[in-house]
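The values are calculated or read from the model by the stated rules, or taken from the named source; none is laboratory data. Treat the numbers as computed from the prediction; the structure is a model and nothing was measured. All Cβ positions, glycine included, derive from the backbone under ideal geometry; neighbour counts span all protein chains shown. To get the accessible areas, we keep the full protein, side chains included, count just its heavy atoms, and leave off ligands, DNA and RNA. Shrake-Rupley method; radii C 1.70, N 1.55, O 1.52, S 1.80 Å.
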Amino acid sequence: MDFFTACVWAAGVAIGIAAFGCGIGQGMGVNGAVQGIARNPESSGKVTVTLLIGLAMIESLCIYALVVALILIYAHPQAAEFAKIVAGH
Amino acid sequence: MDIHQRIIKFVTTSNWFLFVVGTLLGFINTPMPFAMGILTGSLLVTLNFHLLRHTLYKAMATASGKPARSILGVVLIKYYIRFAISGIVIFALIKGNIVDPLGLIMGLSVVVVSIMAATTLELTRLIFKEAV
């Protein structure tokens, strides 16, 4: 497998795993929050704020993974060097 | 004002503060693509945070009486829509070489830094309160 194919594979797998994990994490968080509010409606404000902070942190992880995946495909720091090596052969 | 409201107010204010200060410092001290990365990244996550807050408050305000699955669905669908839009924007920025990826990552860290700062502040306050 050549370098550029490996980069595209790595990017695809990375963002797939990240989105999957973040989706599950967010789902578990919201599920817990909704159940908590259902049992104790007075705690709604506190639970929502804590949930908001947690979800923002989870979401940023997924965005980081997206950026890294896009860097691997479009802005790989060593892409030019590898292209030269490939062209030389 | 209780601790939760204080944290959320601090994070919201701190996001905009870091956005303005980071962008200004970026344009003064760093090359144009790096500064553009900070500007677009921090704007993107700050707007994302506001939309997430709006979605959650709306969903939780009407939570009682509704099944958990429907609320979960609404929040997750809106999350994926936001994520897709962010993805398209970030894709366009990186593909078009408009921004430097490192600057973009710095800009995207604004919300994380705000939350870390808010947590540290509250923790420090708690420790000093207990010490006194």
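Within region B:57-100, how many residues turn out to be of a type in the set (S, T, N, Q) and open to solvent by 80 Å² or more (accessible area, probe 1.4 Å)? So that I can check it myself, show each step before the final result.
Of region B:57-100, the ones of a type in the set (S, T, N, Q) are B:62, B:64, B:70, B:86, B:97.
Now drop any that are not open to solvent by 80 Å² or more (accessible area, probe 1.4 Å), which leaves B:64, B:97.
Counting residues in region B:57-100 that are of a type in the set (S, T, N, Q) and open to solvent by 80 Å² or more (accessible area, probe 1.4 Å) gives 2.
With the condition kept exactly as written, say whether any residue in region B:52-66 is more than 13 Å from chain A (Cβ to nearest Cβ) and of a type outside the set (D, E, K, R). So that I can check it myself, show each step before the final result.
The first filter runs over region B:52-66 and keeps only residues more than 13 Å from chain A (Cβ to nearest Cβ), leaving none.
There is no residue in region B:52-66 that is more than 13 Å from chain A (Cβ to nearest Cβ) and of a type outside the set (D, E, K, R).
Given (1) open to solvent by 80 Å² or more (accessible area, probe 1.4 Å); (2) closer than 30 Å to residue B:124 by Cα, where does residue B:28 come up short, assuming only one miss?
Result: residue B:28 passes all but (2).
Could you give every pair whose Cβ atoms fall below 9 Å, whose first residue belongs to region B:40-51 and is within 11 Å of residue A:56 (Cβ to Cβ), and whose second residue is acidic (Asp, Glu), counting only separations of at least 6 or pairs across chains?
These pairs meet every condition: B:45/A:59; B:48/A:59; B:49/A:59.
Whether any residue in region A:15-31 is open to solvent by less than 70 Å² (accessible area, probe 1.4 Å) and at pLDDT below 85 is what I want to check. It would help to see each step written out before you state the result.
From region A:15-31, those open to solvent by less than 70 Å² (accessible area, probe 1.4 Å) are A:15-16, A:18-19, A:21-23, A:25-27, A:29-31; that's our starting set.
Retained after the next criterion (residues that are at pLDDT below 85): none.
Scanning region A:15-31, I find no residue that is open to solvent by less than 70 Å² (accessible area, probe 1.4 Å) and at pLDDT below 85, so the answer is no.
Got at least one residue in region A:59-80 being more than 11 Å from chain B (Cβ to nearest Cβ), in a helix (DSSP H, G or I) and either hydrophobic (A, V, I, L, M, F, W, C) or surrounded by 17 or more Cβ atoms within 10 Å (Cβ to Cβ) (or both)? Break it down into steps so the answer makes sense when it comes.
Just the residues of region A:59-80 that are more than 11 Å from chain B (Cβ to nearest Cβ), to begin with: A:78-80.
Applying the additional criterion that residues be in a helix (DSSP H, G or I) yields A:79-80.
In the following step, the residues that additionally are either hydrophobic (A, V, I, L, M, F, W, C) or surrounded by 17 or more Cβ atoms within 10 Å (Cβ to Cβ) (or both) were identified as A:79-80.
Yes, that holds for at least one residue.
Applying the selection to region B:18-51, what residues are within 14 Å of another protein chain (Cβ to nearest Cβ) and farther than 14 Å from residue B:107 by Cα?
B:50, B:51
For region B:103-132, give me each residue that is open to solvent by 30 Å² or more (accessible area, probe 1.4 Å) and facing chain A (nearest Cβ under 9 Å). Show your work before the answer.
We begin by selecting, within region B:103-132, every residue open to solvent by 30 Å² or more (accessible area, probe 1.4 Å); these are B:105-106, B:113, B:116-117, B:119-121, B:123-132.
B:105, B:119, listed by residue number.
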